[in-house]
Amino acid sequence: MTIKDDRYTKLLQGLAYTVTVLVSLACLIPFLLILSASLTANESIIREGYHLIPAEFSLEGYKTVFTFPDEVLRAYGVTIITTVTGTALGLFLMTMAGYVLARKDFKYRNGFSFYIYFTTLFGGGLVPWYIMMTKYLQLTDSLKALILPGLMTPFLIILMKNFIRSAVPEELIESAKIDGAGDFRIYWRIVLQLSMPGIATVGLFLALHYWNDWFGSSLFINDPHKYQLQFHLYNVINSASFIANMGAGTGISLGADLPTESTKMAMAIVVTGPILFLYPFVQRYFVKGLTIGAVKG
Amino acid sequence: MHELVRNRVLFLMLLPALLFFLINSYFPMVGVYYAFTQFDFNYGLFDAPFVGLQNFEFLWKSGTLVRLTLNTIGYNLAFIVLGNVIAIACAILLSELRSKWFKKLTQSIMFLPYFVSFVILSVIVYNVFNYDSGFFNTLLAQFGAGPVDVYSKPVVWIFLIILFYLWKNLGYSMVIYLAAITGISEEYYEAAKIDGAHIFQRIWYITVPMLKSTFVVLLLFSLGSIMKGQFDLFYQLIGNNGLLYNTTDILDTYVFRSLKVTFDIGMATAAGLYQSLFGFVLIMTVNYIIRKINDDYALF
């Protein structure tokens, strides 16, 4: 019996290692392809195509990106501004909402919860919302159009409410009230301190949304100076005339034989680099927060 | 009113959220009126000429509505079924790994695609599949085969879209299932071991059934949004490549294109309203049925 058990255990171990290694490779190789292409000479790409290992090493892709760094830097600026403001403001408003909805002595909490939840069940659709934003709120070409729509989601408010419920004991709030602390003070001094893992998770969701957003720019921004980073990259990838345009703005002629293919890939690396760099640190909090949320349902 | 005065601070703290959803979600609901008009940017909301159900009629008669609905639901079903099955399998295998650092490392790698933007995904697809220099065609050439123009083969994209969906979301669902597996008491396994159950039996009779409730919760959550497409995924992979619309157009991409490319506002609103209503009816029905079967799992 134990021998058979041993054999099965070994079999499973083998299977587990094989599958996880293969899946990990599948998750990793696409990034290596981009990295490799960004380090390859453009003629080599045009002649022989993309490879996993650069056929002819060259940094010209990056050189082109940083010859005219204005656009990338500006796009970085826009994305950093929207990410920081959106995450901070969104966190403040959603933790408050979550706290209020988690308070058992708040009489209408179920009604208000449903008011928020209902928006996930039914909506007017993209078009009426778009027309409201552009025609009635006049937010075209405003950074507000990039920040406001992502501030709150019903999912994150409910997640926050559950976090607070599990992290802050009811009796603590009760006793603080008896000691004369106001509702906002309880929120600021007790609830926020105790629900840090939840706040980190919700904050990460928010930051990730803002950092990766391209849709906002594509809907509301006409002025290229206000493009978000991802949308800037999107344009670089999708416009064949990118290099020509970039030269035109500066009055310098760049000729036709510039490393467009490797420039595209170098741009992708420049855009993703910081995320990949931060990823190992961020990922741990994310997993931790999600785990708490999942266990609590 | 008494409550409003007594808990005024709490009300004030909730107010921003209430206003946000009022403006962002409830106001646009009024705008569904556009679906019944011949929209013109020069008119105000209620000045546009009323055309009744003409927009819906056109969507229906041209077959657009049926095709979009089938595509949207079909893809979502594939995402839900494959996504969960593969995530469960990977989570179980990962949880069995003996080496702790290896477990952490592979989990981090599998979670990585979730963090990059869909634009990066489009760069990857471009890198691999573009006709002139894509990695795929380079590989084919090395094996002596001629290049393939993937961008003109609609059927291939069904699989590619599903593949890249799985690629991007596997790590996320896996984390949730891993958390559930970690939560299973060690005692069950010990007892089963003593009773002579080998590892595959322990997995099949303990781990898999214990994941049921997590699975059902995730399943119901995704069934509720089965009419909502993964807009980012489809738009970044397909873009405005008309050759592929038949197999890859979903409601969300159609609405977006009608709004930004063809400027067919009335039609776009009609399609959006249809999507919302259909989704609403679906989720109500699903929830009603679940209530009958097992109240604990009901969404609301």
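The values are calculated or read from the model by the stated rules, or taken from the named source; none is laboratory data. As the structure is a computational prediction, the values presented were derived from the model and not from experiment. Every residue, glycine among them, receives a Cβ derived from its backbone with ideal geometry; neighbour counts consider all protein chains shown.
For the reader, a short list of remarks on this structure follows.
- Any hit, segment B:248-262, residues being closer than 30 Å to B:LEU160 by Cβ, in contact (Cβ under 8 Å) with a residue 40 or more places away in the chain and of a type in the set (S, T, N, Q): yes
- The set of residues in segment B:224-244 that are surrounded by fewer than 18 Cβ atoms within 10 Å (Cβ to Cβ) and touching a helix residue (DSSP H, G or I) at 6+ places or on another chain (Cβ under 8 Å) comprises B:SER225, B:PHE231, B:GLY239, B:ASN240, B:ASN241, B:LEU243.
- Taken across segment B:40-47, residues that are buried (at least 19 other Cβ atoms within 10 Å of the Cβ) and either within 11 Å of chain A (Cβ to nearest Cβ) or on the phi < 0 side of the Ramachandran plot (or both) do not occur at all.
- Within segment B:237-276, restricting attention to residues that are more than 19 Å from B:LYS61 (Cα to Cα), within 8 Å of another protein chain (Cβ to nearest Cβ) and in a helix (DSSP H, G or I), the residue that is nearest to the chain's Cα centre (by Cα) is B:ASP252.
- For segment A:109-153, a residue qualifies if it is in contact (Cβ under 8 Å) with a residue 40 or more places away in the chain, closer than 11 Å to A:LEU219 by Cα and of a type in the set (A, V, I, L, M), and the qualifying residues are A:MET133, A:LEU139, A:ALA145, A:LEU146.
- Screening the candidates A:PHE57, A:PHE106 for the property of being in contact with a strand residue (DSSP E or B) (Cβ under 9 Å, 6 or more places away or on another chain) and over 28 Å from A:ASN222 (Cα atoms) yields one hit, A:PHE57.
- Taken as a whole, the structure places A:LYS4 among residues that are surrounded by fewer than 15 Cβ atoms within 10 Å (Cβ to Cβ) and at the interface with chain B (Cβ under 7 Å from one of its Cβ atoms).
- Criterion (assigned to a helix (DSSP H, G or I), at the interface with chain A (Cβ under 8 Å from one of its Cβ atoms), over 25 Å from the mean Cα position of the chain (by Cα) and not acidic (Asp, Glu)) met by exactly one of B:TYR26, B:TYR34: B:TYR34
Residue-wise test of (1) out of contact with any helix residue (DSSP H, G or I) (no Cβ under 9 Å at 6 or more places or on another chain); (2) within 22 Å of B:GLN230 (Cα to Cα); (3) surrounded by fewer than 20 Cβ atoms within 10 Å (Cβ to Cβ).
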| position | (1), (2), (3) |
| --- | --- |
| B:TRP60 | no, no, yes |
| B:LEU68 | no, yes, no |
| B:THR72 | no, yes, no |
| B:VAL85 | yes, yes, yes |
| B:CYS90 | no, no, no |
| B:LEU93 | no, no, no |
| B:LEU105 | no, no, yes |
| B:TYR114 | no, yes, yes |
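- Meets criteria (charged (D, E, K, R) and at pLDDT 90 or above) for B:ASP252: yes
- Helices (runs of 4 or more DSSP H) wholly inside segment A:54-158 containing at least 1 residues that are more than 24 Å from the chain's Cα centre (by Cα) and under 15 Å from B:PHE20 (Cβ atoms): A:70-102, A:109-121
- Checking B:PHE58, B:PHE111, B:PHE39 one by one, the residue that is in contact (Cβ under 8 Å) with a residue 60 or more places away in the chain and assigned to a loop (DSSP other than H, G, I, E, B) is B:PHE39 and no other.
- Subset tally (residues that are surrounded by 19 or more Cβ atoms within 10 Å (Cβ to Cβ), among the acidic types (Asp, Glu) and within 11 Å of chain B (Cβ to nearest Cβ)) for segment A:61-112: 0
- Each residue in segment B:1-17 was checked for being more than 7 Å from chain A (Cβ to nearest Cβ) and assigned to a helix (DSSP H, G or I), and 8 of them qualify.
- Segment B:268-300: number of residues that are exposed (fewer than 14 other Cβ atoms within 10 Å of the Cβ) and either under 30 Å from B:LEU53 (Cα atoms) or of a type in the set (A, V, I, L, M, F, W, C) (or both): 6
- Subset of segment B:217-236 [assigned to a helix (DSSP H, G or I) and under 20 Å from B:ILE73 (Cβ atoms)]: B:LEU218, B:LEU219, B:LEU220, B:PHE221, B:SER222, B:LEU223, B:GLY224, B:PHE231, B:ASP232, B:LEU233, B:PHE234, B:TYR235
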